[in-house]
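The values are calculated or read from the model by the stated rules, or taken from the named source; none is laboratory data. Values in this document were obtained by computation on a predicted structure and should not be read as measured data. Note that each Cβ is placed from the backbone with ideal geometry, even for glycine, and that neighbours are counted across all protein chains shown.
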Amino acid sequence: MSSQDKIILLGWHPFDSRQAQTTVEYKQMSQERMKIMDFQYEPGRFYLLDPQQNLLAEVTFQEATGQDIYAIDHTFVDPSLRGQGIASQLILAVVEKARQDGKQIIPLCSYAKMEFGRKPEYADVYYLNPKGDDIVNGR
């Protein structure tokens, strides 16, 4: 976060009528700064490599046997790229794939759980397990 962002974040008072406008301005600035990544795909994985083929970012997911479910089990972003929304984009890539494939998602890794908890727009693919089945262990 740059010092300009801190000024915008800290420059409003909670009771100030300009709070909503300032929050929107900050959100727009954050979205403008976010690099939109073009991930590579292979079954069970979206990822990003640098020109030397080193892994920079990835999300992995498994398809539950006999179920229309993806389980997101790992998210990684290289420290040099953190704070740019890349992990969020990785989760979104799996969400979009699940929608396209008619699947639901079980977020197993901590980051995926956090994303699903704060993004109500993912509710359509969030597997809530109404039967109490142990999908992860195949029961």
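Some notes on this structure:
- Residue satisfying all of: in the stretch 102-130; among the hydroxyl-bearing types (Ser, Thr, Tyr) and outside any strand (DSSP E or B); farthest from residue 76 (Cα to Cα) among these: 127
- Restricted to the stretch 97-127, and to residues there that are touching a residue at least 40 places away in the same chain (Cβ under 8 Å) and of a type in the set (A, V, I, L, M), the residue that is farthest from residue 67 (Cα to Cα) is 112.
- Residues being closer than 28 Å to residue 50 by Cβ and either surrounded by fewer than 16 Cβ atoms within 10 Å (Cβ to Cβ) or at pLDDT 95 or above (or both) - total across the stretch 64-85: 13
- Residues satisfying the stated conditions in the stretch 46-61, i.e. surrounded by 16 or more Cβ atoms within 10 Å (Cβ to Cβ) and not aliphatic (A, V, I, L, M): 46, 47, 58, 60, 61
- Residues of the stretch 51-89 classified as β-branched (Val, Ile, Thr) and without any contact (Cβ under 8 Å) to a residue 24 or more places away in the chain, total: 2
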